[in-house]
Amino acid sequence: IYRNIYDDFKGNHIWKEKTNVEFLEKIRAIKNVNGKYHPTRAGLLFFGFDYKILNVYPNYFLDYREKIGADIRYSDRINSGTDDWSGNIFDFYNRVVAKLLLDLPVPFMLDKDNIHRKMETDIHVAVREALVNCLANADYTLPRGLVIIKKIDEITFENPGLLKVGIEQALKGGISDP
């Protein structure tokens with residue numbers, strides 16, 4: 001699935017003709033050690049199975065909760081420890097991004113061509129970016145794991161780690177140091 005998305009997005013990139021093994025090596029998801037291919041840490045997190053990820057990152061945990069109502073703990077939940085799906089970052093992103101974007105309003109707007117309806121807003125883009133940043137900048141060696149909570153009127157993204165640039169600079173923007 002990732003390879004198809006990559007090929008569609010990159011068009012005629014020079015890696016399009018590579019075998020899957022060559023492609024995974026190029027994106028640094030696997031490496032050749034003494035003639036055998038092994039996943040890199042990034043490859044394991046992104047494409048591995050939860051039970052294998054836990055061997056390297058014992059505190060690894062991805063958690064999405066939808067809380068639509070005051071009297072319930074959650075109305076929907078996806079987490080990496082349920083053993084009914086891979087539990088990796090790539091699959092988590094694909095499952096969660098759809099749920100996060102589902103209820104966002106889409107006012108009537110036309111694309112640049114003034115013919116086709118634009119089906120996403122800056123909010124859609126910002127929510128996707130927040131999810132990517134939350135996943136990419138988490139410190140998976142720390143306890144607690146990553147938690148995303150969607151309520152009727154807010155979405156909270158929490159990940160383990162430190163904010164190296166400080167709150168003031170983070171709010172000001174312009175400098176990224178995950």
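The values are calculated or read from the model by the stated rules, or taken from the named source; none is laboratory data. Since the structure is predicted, the reported quantities are computational estimates derived from the model, not experimental observations. Cβ atoms come from the backbone with ideal geometry, glycine included; neighbour counts cover every protein chain shown. Note: areas computed on protein heavy atoms with side chains; ligands, DNA, RNA excluded. Shrake-Rupley method; radii C 1.70, N 1.55, O 1.52, S 1.80 Å.
Per atom type, the range 48-125 shows carbon and sulfur on 54% of its accessible surface, probed at 1.4 Å. Straight-distance candidates among the lysines for linking to Lys36, with alpha-carbon spacing under 20 Å and chain neighbours fewer than 8 residues away dropped: Lys18, Lys26, Lys52.
Per-atom-type breakdown for the range 135-177 gives carbon and sulfur 55% of the accessible area (1.4 Å probe, protein chains only).
For the range 4-103, the solvent-accessible area works out to 65 Å² per residue, with a probe of 1.4 Å and every protein chain left in place.
Within the listed set Ile78, Ile53, Ile152, the Gaussian network model of the chain (springs between alpha-carbon atoms below 10 Å) gives the highest mean-square fluctuation for Ile152.
Applying the Karplus relation 6.51 cos²θ - 1.76 cosθ + 1.60 with θ = phi - 60° to the range 150-162 yields 3J(HN,Hα) values of 10, 10, 4, 10, 7, 10, 10, 10, 10, 9, x, x, 10 Hz, where x marks Gly and Pro. For the pairs Lys16/Lys172; Lys16/Lys150; Lys10/Lys99, flag any whose C-alpha to C-alpha distance is greater than 28 Å. Over 28 Å apart, Cα to Cα: Lys16/Lys172; Lys16/Lys150. Roughly what % of DSSP beta bridges within the chain run antiparallel, to the nearest 5? In the chain, approximately 70 percent of DSSP beta bridges are antiparallel ones.
Contact order for the chain, expressed relative to its length and based on alpha carbon pairs under 8 Å spaced 6+ residues apart, stands at 17 percent. The listed residues Tyr60, Tyr37 rank as Tyr37, Tyr60 when sorted by accessible area, largest first, using a 1.4 Å probe.
What's the local net charge at Glu25, with K and R +1, D and E -1, over the other residues with C-beta under 10 Å away? Please report the intermediate quantities before stating the final value.
On the way: positive: Lys18, Lys26, Arg28, Lys31; negative: Glu22.
Residues near Glu25 contribute +3 overall.
Across the range 123-178, the convex hull enclosing all Cα atoms gives 96 Å³ per residue. Surface listing: Phe9, Phe157 arranged by accessible area from highest to lowest gives Phe9, Phe157, probe 1.4 Å. Counting only Cα atoms, the chain measures 55, 45, 38 Å along its principal axes, largest extent leading.
Once Rh is set to the Kirkwood radius over Cα pairs, what Stokes-Einstein translational diffusion coefficient, in µm²/s, holds for the range 30-91 at a temperature of 37 °C and a viscosity of 0.692 mPa s? Please list the in-between numbers first.
On the way: Rh = 13.2 Å.
Roughly 249 µm²/s, to the nearest whole number.
Ellipticity at 222 nm from helices only: DSSP H runs of n ≥ 4 in the chain, each -39500 (n - 2.57), divided by the residue count, give -10500 deg cm²/dmol.
Provide Thr40, Thr141 ordered by accessible surface of protein heavy atoms (probe 1.4 Å), highest first.
From most exposed to least exposed: Thr141, Thr40.
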